[in-house]
Amino acid sequence: MSIASALGFGRKVRYAIVGLGDISQQALMPGVKHTGNSEITALVSSDREKLGALGERYGVEHRYDYDEFPQLIASGQVDAIYLATPNWRHAEFAIPALEAGIHVLCEKPLEVTSEKCREMIAAAERGNALLMTAYRLHFEPANLDAIRRIRAGQLGELVAFTSCFCQMVDPSNHRAGNGIEAGPLFDMAPYPINAIRFLFGAEPLEVVSAVATRHPGAGLGELDDTFAVTLRMPGERLAQFTVSYFANQIDSLIVAGTKGSIHMNPAFGYGPGLEHHRKIGEQQDHETFKATDQFGGELKYFSECILEGRTVEPDGEEGLADILVIEAIVEALRSGGPVKVAPLARTRRIAPDAQEQRLNPVKAPEPVNASSPTGR
């Protein structure tokens, strides 16, 4: 029986926000109210000032330190959590929640190893709970339009993909001081990797090459700040991407086929509306899609699935699939040669018409003890 049927029509899913950094404060929390089916009933952070200020701002009575997470799980105060801790702390909080039957919407990457991802998936099965990887672009109109056009054959047979996704990260940001798991390969590469997989509708076979560099001017010490990767896709198709913590901001991709191409610029952001520059045969056109609240949209979808007893897309295996590619990239960097990607059969793909969300954007309030990766 679904939560909605058990507890009455109009029921809202009660969320704990676990991790109160920039992404939670500026992107997720402001849009919870206008989903219509979600509410914040608990906050989790080690920062007492954040807990106090954000608790007052959103009217949240239940506030917990990270060490008190077991008490939250046992409290009966939440149905689900939105998990936005550092990448390497996802399993730490997701597994006990899932085993207790509490649903988890987990920021990408799902975790930093495939082993931890599989442990989270298994915990969801044991607890009969939903685990969703927070790939907001699975609900965003411009990305879904590209999928529709590719599936309709407008681009012909896909041949190649290329992407450049960069931001100049502040050396004082936590991403700069916690090794490769916090760097651009784990933080930013999931976006082009996931786009490659959902646009091609296929899994990468091999990391053909991977190169990482460090620029002294980045001020990031021993952290590799820029990565360039080439992937081999089924059918001798190629996909390439560059991610960087040192180049000026850009998020762009091109997917090209035998009949046409789509250039998305911007492609991965969540502020302004995303854009298509399309060429089909000799005809060219440009379209700017209306900006949406991407975080509110994915939360609304996740709550709908909880309330209606439906499975989710993107699920835990979707997050695992991208980590398998990243693990192969890490091995290619170590070995200096090509590396096969561990196979994972994915039979479920995005359903554009069922998943598209068009909530209007919301204004981000002033953050409390948090800043963007760029320091702005």
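Might you report the magnitude of the Cβ-based charge dipole of the stretch 2-161 about its Cα centre, with Lys and Arg at +1 and Asp and Glu at -1, to the nearest 20 debye? All intermediate terms of the calculation are to be shown ahead of the outcome.
Working: 17 positive and 20 negative charges, 116 e Å.
I would put it at about 560 debye.
Scanning the chain for long hydrophobic helices, with DSSP H runs required to stretch 24 angstrom or more by C-alpha along their axis and to average at least 0.0 on the Kyte-Doolittle scale, returns 316-335.
Over the residues of the chain, the helix contribution to mean residue ellipticity at 222 nm works out to -9000 deg cm²/dmol, using -39500 (n - 2.57) for each DSSP H run of at least 4. The distance separating the Cα centre of the stretch 66-93 from that of the stretch 352-376 comes to 21 Å.
Listed values for the stretch 342-358 are Karplus-derived 3J(HN,Hα) couplings in whole Hz (6.51 cos²θ - 1.76 cosθ + 1.60, θ = phi - 60°), namely 4, x, 8, 6, 10, 9, 9, 10, 4, 10, x, 5, 7, 10, 4, 10, 9, and x replaces Gly and Pro.
Only one residue of 88, 106, 141 has its Cα farthest out toward the positive end of the dipole of the stretch 88-207, where Lys and Arg carry +1 and Asp and Glu -1 on Cβ, and that residue is 141.
Scan around residue 315 for amide H atoms under 5 Å from its own, H built in the peptide plane at 1.01 Å from N, and keep only partners 5 or more places away or cross-chain. So residue 315 has HN proximity to 133. Residue-wise HN-Hα couplings along the stretch 219-228, as the Karplus relation 6.51 cos²θ - 1.76 cosθ + 1.60 with θ = phi - 60° gives them from phi, are x, 9, x, 8, 8, 5, 9, 9, 10, 10 Hz; Gly and Pro carry x. Candidate cross-link partners of residue 108 among the lysines, defined by an alpha-carbon separation under 25 Å and a same-chain spacing of 8 or more, comprise 12, 33, 50, 116, 290, 300, 340, 363.
Quick check: Cα centre of the stretch 191-211 to Cα centre of the stretch 280-335, how many Å? So the separation of the two Cα centres works out to 13 Å.
For residue 209, the residues 5 or more places off, or on other chains, whose built amide H falls under 5 Å of its own are 230.
Each residue of the stretch 253-264 was assigned a 3J(HN,Hα) from its phi angle through the Karplus curve 6.51 cos²θ - 1.76 cosθ + 1.60 (θ = phi - 60°); the sequence is 9, 10, 10, 10, x, 6, 10, x, 8, 10, 10, 9 Hz, with glycine and proline shown as x.
Rounded to the nearest 20 debye, the dipole size of the chain about its Cα centre is 740 debye, using +1 on the Cβ of Lys and Arg and -1 on the Cβ of Asp and Glu. Along the axis of the charge dipole computed for the chain (Cβ charges of +1 for Lys and Arg, -1 for Asp and Glu, origin at the Cα centre), the listed residues 69, 168, 218 are led at the positive end by 168. Working from Cα pairs under 8 Å separated by at least six residues, relative contact order for the chain is 22 percent. DSSP beta bridges fully contained in the chain are about 60 percent antiparallel.
Across the options 256, 184, 229, the greatest Cα extent toward the positive end of the charge dipole of the stretch 141-291 (unit charges at beta carbon of Lys, Arg, Asp, Glu) belongs to 256.
No lab work stands behind these numbers, since they all come straight from the coordinates. Remember, predicted model here, so these are calculated numbers, not experimental data. Quick reminder, even Gly has a Cβ in these numbers, built from the backbone with ideal geometry, and neighbours come from all protein chains shown.
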